[in-house]
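The values are calculated or read from the model by the stated rules, or taken from the named source; none is laboratory data. Worth saying up front: this structure is predicted, and the values here are computed from it rather than measured. Every residue, glycine as well, gets a Cβ built from its backbone with ideal geometry; the counts of neighbours run over all protein chains shown. Please note that ligands, DNA and RNA were not included when accessible areas were found on the heavy atoms of the full protein model with its side chains. Shrake-Rupley method; radii C 1.70, N 1.55, O 1.52, S 1.80 Å.
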Amino acid sequence: MNDMTQGSGPMMARSIETIALREATPSEQGRTLSQPLVDALWQSGLMQFMNPKAAGGREPGFEELIATWMEMARQDGSLGWIGIANLPSACFAAAYLPDEGFEEVFSRNDNRVTMGGQFFPNGTGSVVEGGYRLSGAWQFGSGTGHSQYVCAGFLPMAGEDMQLDEDGMPKMLVAVVPREEVRFTDGWHVQGLKGTGSYNYELEEVFVPLHRVYPLFTREPRRGGITYRFGLMPLTACGHGAWALGVARGAIDEVVILAREKVRMGEESSIAHKPTFQRDLAHHEGLWRAAHRLMVDTFTECESAVAGGAELTPQMRADMRLAATYATEACREAVQWAHLAAGTAAIREGNRLERSFRDMYTGTQHAFISEKIYTEAGKLMLGLVDDSMAL
């Protein structure tokens, strides 16, 4: 690692911008992050940045996480998506795996571990001596194109019966599987986020020892501080909202540069001189700033409360999911406007606005920031439910 690992997350991200811009097209063409960009993520310190200190990380708080993910996504949507896929995947395993699993996965690899995958329990694990026999098929394993380990959510089974938690709900676990034990079926031929290597993959009767498994919804870290007491759902939500803010920030900045220079056919002055562009720019800048402020305020306020000893309540979780979902919707609107305002420049392959548009409309299809989040948060606000697993 170089000295940049001692700087902040946004500093680390800015240090790779030249490589990120140069490698955006090669990554899309290869349908996974290019090797020079993967190397840059390691050299900058970003790949370990989110880990507990025991795994070589900084244990960043929410404000630094948001700023870092935003900067990565501002440079390139696929790079930003890798930031919210590989970094959290590794940090969850580093925080929640039992000691023997941490030793095997992290310590033996000098903490140089890249991890990706799908956490939704699309597999089943038959209980056997010392662990599980895991089978299943997972889609959209973001970052698996270059990952050393692959995560796979699953339901543990005792014979034909699902294992249940104390509250009577099915247990949901996450397995950490070495790459060589995974069968990749690819399937990553998509409109946007092409460079993320989000492959489909399968496991068939693969033995996973107990020490490489942790509970999906745990908020009890074995390593690390406050951040890891939020668990997978709020941290993942934070990533989605920050990613959208970064893509939109890049699109707004790019269309401002273009507007100052471009004169459309039949016009006497640049786009920047059009009152409609001026009005829409100010509107969408305000929309972006409001979404950004909502993200930062909501997540940092919840973080402060938990750091002060408060319990993470269903309302806090709903507030964080609501903020991330709103930020995503607001940013989608801003990117759509920037794409339209740019005219034909934005339809050419390789143009940053063209890529931002495709990436945004692909990223916003993710179930994690769907309208269901609003409805579940609304039920909680109305007192119709006391809690929701969807939050």
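Solvent exposure of the range 335-391, expressed per residue, is 53 Å² of accessible area, with all protein chains present and a 1.4 angstrom probe.
First obtain the Kirkwood hydrodynamic radius of the range 265-391 from its Cα pairs, then insert it into the Stokes-Einstein equation at 10 °C and 1.306 mPa s, and state the resulting D in µm² per second as a whole number. Write out the running numbers ahead of the final one.
Details: Rh = 17.0 Å.
Stokes-Einstein gives a translational diffusion coefficient of 94 µm²/s.
By how many degrees, 0 to 90 and rounded to 10, does the Cα axis of helix 17-30 deviate from the longest principal axis of the chain? The helix 17-30 is inclined about 70 degrees to the chain.
On a C-alpha basis, how far is the centre of the range 21-39 from the centre of the range 190-208 in Å? Whole number, if you could? Their Cα centres are 17 Å away from one another. Annotation: average projected area of the range 99-199 is 8.0 square nanometres, based on the convex hull of Cα atoms across all directions. Sorting the segments 299-309, 8-18 by their mean number of nearby beta carbons within 10 angstrom, highest to lowest, gives 8-18, 299-309. The GNM of the chain, with springs linking C-alpha atoms under 10 angstrom apart, assigns the highest mean-square fluctuation among Phe217, Phe49, Phe230 to Phe217. Semi-axes of the equivalent ellipsoid of the range 193-265 are 41, 20, 8 Å, computed as sqrt(5λ) over the eigenvalues of the C-alpha gyration tensor in descending order.
How large is the Rg to Rh ratio of the range 284-334 when both quantities use alpha carbon positions and Rh follows Kirkwood? Before the final figure, lay out the partial values.
Numbers: Rg = 12.2 Å, Rh = 11.4 Å.
Checking Rg against Rh, the ratio lands at 1.07.
When Rg and Dmax are taken over the Cα atoms of the range 148-238, they come to 15.6, 43 Å. Kirkwood hydrodynamic radius computed over the chain comes to 21.6 Å, based on all pairs of distinct alpha carbons.
Electrostatic bookkeeping for Arg293 treats Lys and Arg as +1 and Asp and Glu as -1; over the other residues with beta carbon under 15 Å from its beta carbon, the sum is -3. Relative to the longest principal axis of the Cα atoms of the chain, the long axis of helix 371-382 lies at roughly 70 degrees. Against the main long axis of the alpha-carbon atoms of the chain, helix 62-75 sits at an angle near 50°. Cα centroids of the range 237-277 and the range 62-107: how far apart, whole angstrom? Between the Cα centres of the range 237-277 and the range 62-107 lies a distance of 30 Å.
Starting from the Cα gyration tensor of the range 196-235, take the square roots of the eigenvalues, sort them a ≥ b ≥ c, and report rounded, prolate or oblate (rounded when a/c is under 1.5, otherwise prolate if a/b is larger than b/c, else oblate).
On the way: a/c = 3.03, a/b = 1.52, b/c = 2.00.
Here the range 196-235 falls in the oblate category.
In Å², and per residue, what accessible area does the range 1-120 have when probed at 1.4 Å with the other protein chains present? Can you show the working numbers first?
On the way: 4200 Å² over 120 residues.
Result: 35 Å² of accessible area for each residue.
How much of the accessible area of the range 1-131, probe 1.4 Å, is carbon plus sulfur, in whole percent? Carbon with sulfur: 45 percent of the solvent-accessible area. Size check on the range 1-156: the Cα extents along the three principal axes, sorted descending, read 50, 34, 26 Å. Above 16 Å, the calculated P(r) of the range 66-153 contains 61 percent of its Cα-Cα pairs. Per-residue ellipticity at 222 nm from helix content only, as computed over the chain with -39500 (n - 2.57) for each DSSP H run of at least four residues, stands at -15500 deg cm²/dmol. Averaged over residues, the count of other Cβ atoms within 10 Å places the peptides 341-354, 155-168, 111-124 in the sequence 111-124, 341-354, 155-168, highest first.
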